[in-house]
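Every number here is computed from the coordinates shown, using simple stated rules; none is lab data. Just so it is clear, the structure is predicted and the values come from calculations on it, not from any experiment. Cβ coordinates were reconstructed from backbone atoms using ideal geometry, including for glycine residues, and neighbour counts include every protein chain displayed.
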Amino acid sequence: MKNLFNPFRYIAGTKALVLGVIFIISSGFMLYSNDMIQDSYVHIGLSDVALWQVMAVQFVWWLIPAILLYAGGLMLSKSKIRIIDVLGTTAFSQLILIPMIAPMMLPVVKNGSQNVINALLAAVRPETGDLMAVMLYGLWSTLFLVLFYVWNYNAFATSCNIKGTKAIVYFIAVQVVVTIVGSIL
Amino acid sequence: MTKKKILPTVCPSCGGHTQVHSLHCNECDTTITGEYNIPPMMLLTLDEQAFVTKFIKCSGSLKQMASDMGLSYPTVRNFLDDIINKLTKLENNEKSI
């Protein structure tokens, strides 16, 4: 159970970075094949942009928080931290995006959410089946969203050796800044 | 087979650090009494002492230790940093006594 919440006890550095980059590319392909893009830090929307743009956005949403967390580690940690560990662990955290995105590839979820949006725009009551699919996906993605934050926090805490209040406060500050910047861009 | 005894470095009554009060020679049956502080290294937990022993055996290579222990490099480094902090505090406490 501990491994589920903190895999970085066992994996970090180059190995985590290589796997992390594979996860980022895989999630980029999954999004592109469904005409979607990670249009904000933790938000996925519809888009018909080119593959390289989807990939570039995926890498940006990993690198910006990673660099901010590394900067925090340099300021707050008493340990000699390595950028490869911060980049590796945060990249590995992107694995969570795959199970988060995967159900969006299922026709029942994809069509269901589109039908719900269309029904709401037309001010009619959506079909129960469509609503159920959207609600179940909402629950699923919320669970993985929580796990995404837990992994990212543990990536930061482990790679920078920061614990307690200062780690939590700095991590939340980075998440808030990145989310706000993401929603503005 | 005799059971392995663990040196009690923390008082079970008040939680303070214990001291060595007497030493005994089994060869000549001589007993020395006095007040001897337990060295800071001995005040580490058994896990921490095992870690330090492993660290020395690996010639101080954290990468080697991480590989041997099946843990990530930062996990091993964090554990070492925690031991360093603990030893520093113990040494400072010893100096202030």
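Please report, ordered by residue number, the helices (runs of 4 or more DSSP H) entirely within the range B:1-96 with at least 1 residues that are touching a helix residue (DSSP H, G or I) at 6+ places or on another chain (Cβ under 7 Å) and β-branched (Val, Ile, Thr). Spell out how you get there, then give the answer.
Working: elements: B:46-57, B:62-69, B:73-96.
Helices (runs of 4 or more DSSP H) meeting the threshold: B:46-57, B:73-96.
Looking at the range A:129-146, is at least one residue under 20 Å from A:Val21 (Cα atoms), of a type outside the set (Asp, Glu) and in a helix (DSSP H, G or I)?
Yes, the range A:129-146 contains at least one residue that is under 20 Å from A:Val21 (Cα atoms), of a type outside the set (Asp, Glu) and in a helix (DSSP H, G or I).
Collect the residues in the range A:1-45 that are of a type in the set (D, E, K, R) and more than 14 Å from A:Asp85 (Cα to Cα), keeping them in residue-number order.
A:Lys2, A:Asp35, A:Asp39
Which condition from (1) within 14 Å of another protein chain (Cβ to nearest Cβ); (2) within 18 Å of the chain's Cα centre (by Cα); (3) of a type in the set (Asp, Glu) is the one that B:Asp47 breaks?
The number of the failed condition is (1).
Looking only at residues that are aliphatic (A, V, I, L, M) and under 24 Å from B:Ser96 (Cβ atoms) in the range B:1-41, which one is surrounded by the most Cβ atoms within 10 Å (Cβ to Cβ)?
B:Ile38
Restricting the range B:54-85 to residues that are surrounded by 13 or more Cβ atoms within 10 Å (Cβ to Cβ) and of a type in the set (D, E, K, R), which is farthest from B:Val10 (Cα to Cα)?
B:Asp68
Taking B:Thr88 as meeting all but one of (1) more than 10 Å from every other protein chain (Cβ to nearest Cβ); (2) crowded, with 17+ Cβ neighbours inside 10 Å, write down the number of the exception.
Checking B:Thr88 against (1) more than 10 Å from every other protein chain (Cβ to nearest Cβ); (2) crowded, with 17+ Cβ neighbours inside 10 Å, the one that fails is (2).
Of all the residues that make up the range A:58-86, how many are within 13 Å of chain B (Cβ to nearest Cβ) and free of Cβ contacts under 8 Å to residues at least 24 places away in the same chain?
Of the residues in the range A:58-86, 2 are within 13 Å of chain B (Cβ to nearest Cβ) and free of Cβ contacts under 8 Å to residues at least 24 places away in the same chain.
What single numbered condition from (1) farther than 13 Å from A:Gly73 by Cα; (2) touching a residue at least 12 places away in the same chain (Cβ under 8 Å) fails to hold for A:Val146?
Condition (2) is where A:Val146 drops out.
Take the conditions within 14 Å of another protein chain (Cβ to nearest Cβ) and over 21 Å from A:Ile172 (Cβ atoms) and apply them to A:Gly45. Does it pass?
Details: within 14 Å of another protein chain (Cβ to nearest Cβ): no; over 21 Å from A:Ile172 (Cβ atoms): yes.
Spelling it out, it is not the case that A:Gly45 is within 14 Å of another protein chain (Cβ to nearest Cβ) and over 21 Å from A:Ile172 (Cβ atoms).
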